[in-house]
Amino acid sequence: MKKIIYVLIIPLVVASGLIFAYREIKKETSEKSTPKPLSAAEREAALKKWEATPDGIQYKKWETSVEGKKVLAGAAKLRKSIRDSLPMEAVVTSLALPPGSRLGFGVMVRINGDDYILSFGLQQSTEFQPLHSLKVNDKLLIRSRFVSYAPKYSYPIVAGDYVERDSKILYKRAPRKGGC
């Protein structure tokens, strides 16, 4: 009888030991994989190091050029509307993006007298179908979550999250799944 009890208890002890050890290993790897945020001095040093690279030098030249200043000023004009999630009135100026752009589907729009790229991202099968009905000079009401820019483009890039034409919603970005 004692032998049977020992035979049953020993595998149970071994299995629980393995499970406990695996849990500790998993816990250690998850702690190691989370990088610590950089301090302000480390960030500043990394920025200085990047600015010395050819890409950093080219970006700094673009930033101080007339074209770069125009793009940065255009992006700054929209920041308050984007931060407060206010609707912006836009007029479609072109149904094609600048040549060589790799932004996915988008159109050119004019907001408050400045031209912008209204980008929606990579094209899905039917997600952007209602937007294909847009025409030049259509008046839109748009909302966005951010505006960006790149030296490659002569216009600020506005992410299209919500587009309305004639009080009809043409596009509304679906919220991310599993996110905040």
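Is there a quick way to get the dipole size of region 44-180? I mean about its Cα centre, with the Cβ of Lys and Arg at +1 and of Asp and Glu at -1; what is the value in debye to the nearest 20?
With only Lys, Arg, Asp and Glu charged at Cβ, the dipole is about 240 debye.
Report the label-to-label distance for Ser167 and Gln129 in nanometres (one decimal), using points 7 Å from each Cα along the Cα→Cβ vector.
If labels sit at Ser167 and Gln129, their model points lie 2.6 nm apart.
If you filter region 43-115 for GluC sites (Glu not before Pro), then keep DSSP loop positions with at most 10 other Cβ within 10 Å, what is left?
Qualifying residues, ordered by number: none.
Placing one identical point scatterer on every Cα of region 53-180 and ignoring solvent, what is log10 I(q)/I(0) from the Debye formula at q = 0.09, 0.18 Å⁻¹?
Per q value, in the given order, log10 I(q)/I(0) is -0.27, -1.00.
Are there trypsin sites (Lys or Arg not before Pro) in region 84-180 that DSSP puts in a loop and that have at most 12 other Cβ atoms within 10 Å, and which ones?
For trypsin sites (Lys or Arg not before Pro) across region 84-180 that sit outside H, G, I, E and B with at most 12 neighbouring Cβ atoms in 10 Å, the list reads Arg102, Lys135, Lys152, Arg176, Lys177.
Which residue, Trp50, Thr126, Leu12, has the largest displacement toward the positive end of the dipole of the chain when charges sit on each Cβ (Lys, Arg +1; Asp, Glu -1)?
Leu12
Going down the list Lys60/Lys152; Lys49/Lys69; Lys61/Lys152; Lys77/Lys135, which pairs span over 19 Å between their C-alpha atoms?
The pairs that break the limit, which is 19 Å between Cα atoms, are Lys49/Lys69; Lys77/Lys135.
Ignoring ligands, DNA and RNA, what percent of the accessible area of the chain is carbon or sulfur (1.4 Å)?
Ligands and nucleic acids excluded, carbon and sulfur give 60 percent.
So which chymotrypsin sites (Phe, Trp or Tyr not before Pro) in region 125-180 pass both tests, a DSSP loop state and at most 14 other Cβ atoms within 10 Å of the Cβ?
Passing both the DSSP loop test and the Cβ count: Phe146.
Projecting each Cα onto the charge dipole of the chain (Lys/Arg +1, Asp/Glu -1 at the beta carbon, about the Cα centre), which of Ala76, Val136, Asn112 comes out farthest on the positive side?
Result: Ala76.
The values are calculated or read from the model by the stated rules, or taken from the named source; none is laboratory data. Because the structure is a prediction, the values reported are computed rather than measured. Positions of Cβ are generated from backbone atoms using ideal geometry, with glycine treated the same way; all protein chains shown enter the neighbour counts. When the accessible area is computed, the model is the full protein with side chains, heavy atoms only, and any ligands, DNA or RNA have been set aside. Shrake-Rupley method; radii C 1.70, N 1.55, O 1.52, S 1.80 Å.
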